[in-house]
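The values are calculated or read from the model by the stated rules, or taken from the named source; none is laboratory data. Source: prediction; values computed, not measured. Cβ placement follows ideal geometry from the backbone for every residue including glycine, while neighbour counts extend to all protein chains displayed. For accessibility, only protein heavy atoms count, side chains too; no ligands or nucleic acids. Shrake-Rupley method; radii C 1.70, N 1.55, O 1.52, S 1.80 Å.
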Amino acid sequence: MKSNAPLWLMRMSPEKQDTLLKIMVLTLGCVLSFSTRLFSVLRFESVIHEFDPYFNYRTTRYLTEEGFYSFHNWFDDRAWYPLGRIIGGTIYPGLMVTSAAIYHFLRFFNFTIHIREICVFLAPLFSSFTTLVTYQLTKELKDAGAGLVAAAMISIVPGYISRSVAGSYDNEGIAIFCMLLTYLLWIKSVKTGSVFWSALCALAYFYMVSSWGGYVFLINLIPLHVLALMATGRFSHRVYVAYSSVYCLGTILSMQISFVGFQPVQSSEHMAAFGVFGLCQIHAFIDYVRSKLSREQFNILFKSAVLLFGTVATGVGAVLTATGKISPWTGRFYSLLDPSYAKNNIPIIASVSEHQPTTWSSFYFDLQMLVFMFPAGLYFCFSRLTDANIFIIMYGVTSIYFAGVMVRLMLVLAPVMCIIAGIGISSTLTTYMKNLDISKKDKKPKKGGDANYPIKNEIATGVVVLMTAFLISYVFHCTWVTSEAYSSPSIVLSARAGDGGRIIFDDFREAYYWLRHNTPEDAKVMSWWDYGYQITAMANRTILVDNNTWNNTHISRVGQAMASTEDKAYEIMRELDVNYVLVIFGGLTGYSSDDINKFLWMVRIGGSTDRGAHIKEADYYTPQGEFRVDKEGSPILLNCLMYKMCYYRFGSVYTEASKPTGYDRVRNTEIGNKDFQLDVLEEAYTTEHWLVRIYKVKDLENRGN
Amino acid sequence: MAATRALAGFLVVLACIFSVYATGKKTLVLVDNWSIRETHSIFFRSLRERGFDLTFKTADDASLALIKYGEFLYDNLVIFAPSVEEFGGSLDVTAITNFIDGGGNVLVAASSAITDPIRELGSECGVEFDEEKTAVIDHLNYDVKDEGKHTLIVTDPNNLLESELLVGKKTSVPMLYRGVGMVADVDNPLVLNVLHGSSTAYSFNPDDKVSEYPHAVGKNTLLIAALQARNNARVVFVGSLDFFSDEFFTASVQHAVTGQSHAQSANQQVATSLSQWVFKEKGVLKVGKVFHAKKGEKSPPEAYTIMDQVTYSIEIEEYKEGKWVPFDGKDVQLEFVRIDPFVRTFLKAKNGKFSVDFKLPDVYGVYQFLVDYNRIGYTHLFSTTQVSVRPLEHTQYERFISSANPYYFSAFSMMAGVFVFSIVFLHYKEDTKAKTE
C-alpha cells in the first residue's frame, strides 16, 4: 500500500492521511447507501411504491401546492366518505415538510424538479445521512474505526433498506435518521452535561416526533437509560442537566405536533419519561440533603419520605386512571408486550402483515452476519462500561425484544445491530491486526513469538481472513436481498415468463387511470382498505376506507358488505352511497395477495362490531374447518359478494393447460360456483390480467321490483 | 330547394323545442278494432280537446314502432287493446317497458278478454292481472242493468284513492266497472291502489263454479292501479275497457241491492282525471335553482365549518294548466344527511322558493342537503347537494380561555419568581459562598 501510494499522499502528515481516509470511506459509504437503493428505479421507473407512500406523496403535493397552513388545516373529504378525515391533525408532518423544504430549496436555486422525484429519492438521501450519523454515534461510543465499520454496515443492511428504497416514501425513511441523530445528541449531552447539546437533542427529538410514531420507543429508551445510570450509581449532574432539559424541552416541542397533542402528559406510554423526570429531581434533592445531614438522620427521613410518596403516588395514579385522564394502554402497545394480544382482541391490528411476530429466518435474512457479531459487540461494550455504552446496550437489548414481537420493528433493530456489530468487528480486528507481524520478512528470527501464545501470527491471520470473508459475504448477501426482495414497487408486478422473459403486470395503474378517466368526479369507490391510499392518490376518487385505519366500525361496515350476500350488501352500499366497487383478484395470474386471500380478515373485522354480529367466521369454513373456494367450500362463502365479484365470468375461462375452466391459480383449485349472475352490480372494467376488477352499483329498478 | 330544406330544418328544430315545452302531447292509441274509436269517442274527444295529438293504430298493425333512430316517436301510449294476441311491428312488452324506462307514460285498459301480452306488461309493472275470461264479481254491489252474472259492478266511491291529483274531487257518485281484476305485487313499493273492490268482491270466471281460491278477493281486488316509476314515468292499469266507454260515461247508476240511484256515473270525471294525471298534465313538479351558502353570503363556500349558520333554498315549480307556476306545498322538508339525517326541518315557501336557515351540526364530514319530496300524485322530487363540513381551523379556536387562568398565572409567576431569584442569587453570591466554606 505504502509503496504504491502516490507522492502527494506520502507528503501528507499521518493525521491528514487519516482524515482523508475517513472522508473517503464515509463518502463511499454514502454513495453506496444511496445507489444500492436504486434497483427499482432502474428496473421499473421512478415510481412511488406500495400503499402508504401514495398517501404521503399526495399530502406532500398538497403541501407544496397549497402552503403549510392549508395543509395544517386540511380536511380531506375524499377519504373515509362520508366521515372525512382531518389530515393535518392525524399525520406526522415531518416527512412532507422535509420534502417540501427540499423542493423549495431547489426551486430557489432554479432547479425545477418535480416533487415526485424528491419523494422517490428522499429515503435514499436520508439513508446517506444516516450513514454519517451512525459514524458519529459509534465514534462517540467507541472510536472512529468502529464508526467507519458501523457506517459501512448500515449503508447496506437489508433490515433498513427494506423501508428506504427509492420510491418507498414513508415516515420510516427519515425517522431512522432522526432517531440516530437524537441518540447521538443525547450521548453528547450526557457526556458533556451541557444545556447546549441537550437543547439540540430536544430539537432532534422534535424532528423525530414530527416524523414517526415510533418516537415512543425513543422517549422510553432515554428514561430507561437514565434509570439504569441511577441504578448503577452513575447518576451525576451531567445526566441531571441533560435529562431535565431534554425532557422539558422535548415534551413541550412534541406537543406542538397536533397529532401528538396532549399525549405526552396523558397517555401511559409517556408516563415512564415523566416518572423518571420526577425521580431525577428527587434523586438530586436527596443527594443535596444527604450532603447536609448525618447518616442516621438521613435514613429516617428517607424511609418515611419513600413510604409517604409511594402511597400518595399510587392513589393519584389510580384516581387518574379511573377518571380516564391517563388513557388506558392502547392496543398497539399491548401487542408489543404480548404478541398474542392483538390477534385475540383487535383483528384490525392483527390483519396487518407487518404487525406479525418475526420469524427467526427473517432475522438472518435482514441482518445476516450482524446476528452473530452482535453478542461479540455487546461483550466489547460490557468490557469497558461507560455512560454511553450503557445506553447502546439498553437500546440493543430492548430493540431485539421488540423486533421479535413485530416484523416492522426490525427497522429499529437494524441500526443498533450495525453499531454494536461494528464495535465488535472493529475491536476484533484491532486486537488481531496488532498481532499480525507484517515486518516478519525483515526480522524473522526476532524471538520466535511469545512463549505462551505460540502461533500468534497465524491465528491473527486466520481471524482477519475469516472476518474478511464474513464481510465480503455480508456485502453479497445484502446486495442480493435488496435486489430480489426489497426492490419491487408492488404497484407494478413482474413475473418470469415461460421463455425466461420478464412479464410486467401494470394492472393496478391501468385500473386506477380507468377510474380517473371514466367515472364521475364525485364517484365513491368501495374497496378493501389496503387500496384506499392508492385510489385517492392515483384515481382521485372518493373512497370509503383507507390505510389509515382509524375507524374500526367504518371498516367493519365495508367488511360486512364484502362478506354478505348481494341483497344485504346492496343495502349497505346504498346506505354509504357507493357507486363503484373495486376488488383485486389474482386467480388468473397467480398473484397471491389478492382479496380472496385477505377475505377472512374482512369477515373477522366485519363481524367484530355490533352491526356485523350476524357475520360469523365459522360460516365461511367447510365443516372440516378449511377455507376453500372449490365445490367443497361453504355455501355462504360461495355466494357472498366478494366471491361473486372475484369470480364473475371466471367460470368460463381457461387459465392453465390441462385444467378445467375456472381454475384458480392462487388457490390451485377449480372454483365451486361457476355459473352465476350479478343482480345489483354490473361489471364496469376488468384489467388486462384480471388483477383489478371494477363493478358499478346499479340503481334501484325503475319500475320498482 | 336549399331554402326549403333549411326552413324544414328550422321547423324541425322549432318543433323539437316546442315539443319539449308542450310536455308530451304526442300519443299513440292502440285499439283492438276501429269500433273502439266510436264506442269511446267522449274520452278521446276530451283528450283531443286538451291538445293531445292522437294517432290511432290497431294493436297488431305491422308498422307499429315506438322508437325510431333512438328517439321515441310518442310521449304517451294508450293501450285499449285487451285482446291483442301479439303486438304488431317492432312493438312487444320489452319495447313498452323500455318506453316506460325512457320516460313514456302508458294508460292500459283491459277487459275479461285479456291476453298474455297485457298480463305480461302488468307483471313488469308490479300488477298481476287475473286470467282470461275471469271478471270481478260482486254479488252485493251490482247495477240493475246487470245480466245476472253480477259483473257490472257499482263501485263505492269510498274505495277510491284519496288523491285529488289522481282521481279528481271527492265524489259520492259511484262508478260502473266491468272487467278483469288485478292484485298488486307486494314487493313493489311504487304501485298505487287507485280503486279497489269492496269486501264482497272477488275475481273469477263467472261461468264456472268457484272451485279454487280466487286470484283476488275482497279489498285486495284492484280495479284501477297506478305506478309512478322512479324516472317519474306514469302507468295506469284499468281492468275495464268499458270504464272509458261512452256508454258508461253517460249511464245512470242504480244499485241493485240498496236501490240508490244516480243520474250519471262518475266514470267520466274519474277517467278524465286519471288521464290528466297519467299524461302529466297534473302533479308534475320540477326543481329549479338550488342555492346554499353561509348566512348572509352570496355564494357557497368551498367547505362549511361546523356550527356555521347556513341558508338553503330550493325553487320548486308545478305544472298547472299548461304553465309552470310556483309550487305552494306546506310539507316540503330538508334533511342534512351524513348516512343519518343530522338536521330535519320544514322549508318555508315563498313564491315557489323554499328556504330555511339552520345551524350545522357539531360533527364534521361529508353531508348532503337532501330534499326528498314523495307525495302521492306528485312526481318524486329528489334533490341532493353534497357539501363538506370541516372542523375548525387552528385560528378559529379561542386564543385565551378563562378556565386556564390558573395556568397563565402559574406560568407568569414562575417566570417572575425565577427572575427575582436569579437577581437575589447573583447579588448574594459572595455571601453564600463564604458561608458554605
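In loop segments of region B:372-404 as defined by DSSP, the chymotrypsin sites (Phe, Trp or Tyr not before Pro) with at most 10 further C-beta atoms inside 10 Å of their C-beta are B:Tyr397, B:Phe400. Estimated from helices alone, the mean residue ellipticity of the protein assembly as shown at 222 nm is -14500 deg cm²/dmol (sum of -39500 (n - 2.57) over DSSP H runs with n ≥ 4, per residue). Think of region A:170-325 as a dipole: +1 on every Lys or Arg Cβ, -1 on every Asp or Glu Cβ, centred on the Cα centre; then among A:Thr192, A:Ser304, A:Leu181, A:Ser304 lies furthest on the positive end. With distances taken between every two different alpha-carbon atoms, region B:284-390 has a Kirkwood hydrodynamic radius of 14.2 Å. Restriction of the chymotrypsin sites (Phe, Trp or Tyr not before Pro) in region A:156-201 to DSSP coil positions whose beta-carbon has at most 13 other beta-carbons within 10 angstrom yields no sites. Please report the carbon-and-sulfur percent of the accessible area for chain A; probe 1.4 Å, protein heavy atoms only, DNA, RNA and ligands left out. C and S fraction of accessible area: 61 percent. Exposed loop sites were defined as GluC sites (Glu not before Pro) in DSSP loop states (anything but H, G, I, E or B) carrying at most 15 other C-beta atoms within 10 Å; in chain A the longest segment without such a site runs A:46-520.
Shielding of peptide A:74-87 by partners, expressed as the average count of other chain Cβ atoms within 10 Å per residue Cβ, is 5. Taking only protein heavy atoms and a 1.4 Å probe, the accessible area of chain B is 54% carbon and sulfur. Applying the Karplus relation 6.51 cos²θ - 1.76 cosθ + 1.60 with θ = phi - 60° to region B:136-145 yields 3J(HN,Hα) values of 7, 10, 9, 6, 10, 10, 9, 8, 5, 6 Hz, where x marks Gly and Pro. Projected onto planes of every orientation and averaged, the convex hull of the alpha-carbon atoms in region B:19-279 covers 13.3 nm². With N as its number of residues, chain A has a Cα radius of gyration that, divided by 2.2 N^0.38 Å, comes to 1.11.
Let a ≥ b ≥ c be the square roots of the eigenvalues of the Cα gyration tensor of region A:504-697; is it rounded (a/c under 1.5), or, if not, prolate (a/b larger than b/c) or oblate? Since a/c reaches 1.5 but b/c is at least a/b, the shape of region A:504-697 is classed as oblate.
Per residue, the protein assembly as shown exposes 48 Å² of accessible surface when a 1.4 Å probe is rolled over the protein heavy atoms with every protein chain present. For B:Thr58, the amide hydrogen comes within under 5 Å of the amide hydrogens of B:Val31, counting only partners 5 or more places away or on other chains and with H modelled in the peptide plane.
Please report the antiparallel percentage of DSSP beta bridges with both residues in chain A, rounded to the nearest 5.
85 percent
Couplings 3J(HN,Hα) for region A:33-49, derived from phi with the Karplus relation 6.51 cos²θ - 1.76 cosθ + 1.60 (θ = phi - 60°), are 5, 6, 6, 5, 8, 9, 3, 5, 5, 6, 7, 10, 6, 6, 9, 6, 9 Hz, where x marks Gly and Pro. Using the average count of surrounding beta-carbon atoms within 10 Å as a protection proxy, the listed peptides B:168-178, A:216-226, B:220-230, A:281-291 rank, highest first, as B:220-230, A:216-226, B:168-178, A:281-291.
In order along region A:299-306, phi translates into HN-Hα couplings of 4, 4, 4, 4, 4, 5, 5, 4 Hz, rounded to whole numbers, per the Karplus curve 6.51 cos²θ - 1.76 cosθ + 1.60 with θ = phi - 60° and x for Gly and Pro. Projecting the Cα atoms of A:Ser361, B:Ala251, B:Leu334 onto the charge dipole of the protein assembly as shown (Cβ charges, centred on the Cα centre) puts A:Ser361 farthest toward the positive pole.
Restriction of the trypsin sites (Lys or Arg not before Pro) in region B:332-437 to DSSP coil positions whose beta-carbon has at most 12 other beta-carbons within 10 angstrom yields B:Arg399.
Scattering from the C-alpha atoms of region A:170-325 alone, worked out with Debye: what is log10 I(q)/I(0) at q = 0.09, 0.12 1/Å? So the normalised log intensities work out to -0.34, -0.58.
For region A:650-705, the dipole from Cβ point charges (+1 on Lys and Arg, -1 on Asp and Glu) about the Cα centre works out to 100 debye, to the nearest 20.
Within region B:328-365, the residues that become at least 20 Å² less accessible when every protein chain is included than when their own chain is isolated (1.4 Å probe; DNA, RNA and ligands ignored) are B:Arg338, B:Ile339, B:Tyr364. Rounded to the nearest 100, the interface formed by chains A and B buries 2100 square angstrom of accessible surface, both chains summed, with a 1.4 Å probe.
Of the two radii for region B:172-305, the radius of gyration is 1.21 times the Kirkwood radius, both from the alpha carbons; that is the Rg over Rh value. Structure note, pairs A:Lys191/A:Lys292; B:Lys26/B:Lys219; A:Lys631/A:Lys659; B:Lys68/B:Lys286; A:Lys188/A:Lys292: Cα-Cα distances above 24 angstrom occur for A:Lys191/A:Lys292; B:Lys26/B:Lys219; B:Lys68/B:Lys286; A:Lys188/A:Lys292. A cut-off under 10 angstrom between Cβ atoms defines the neighbours of A:Tyr695, and their net charge, with Lys, Arg +1 and Asp, Glu -1, is +2.
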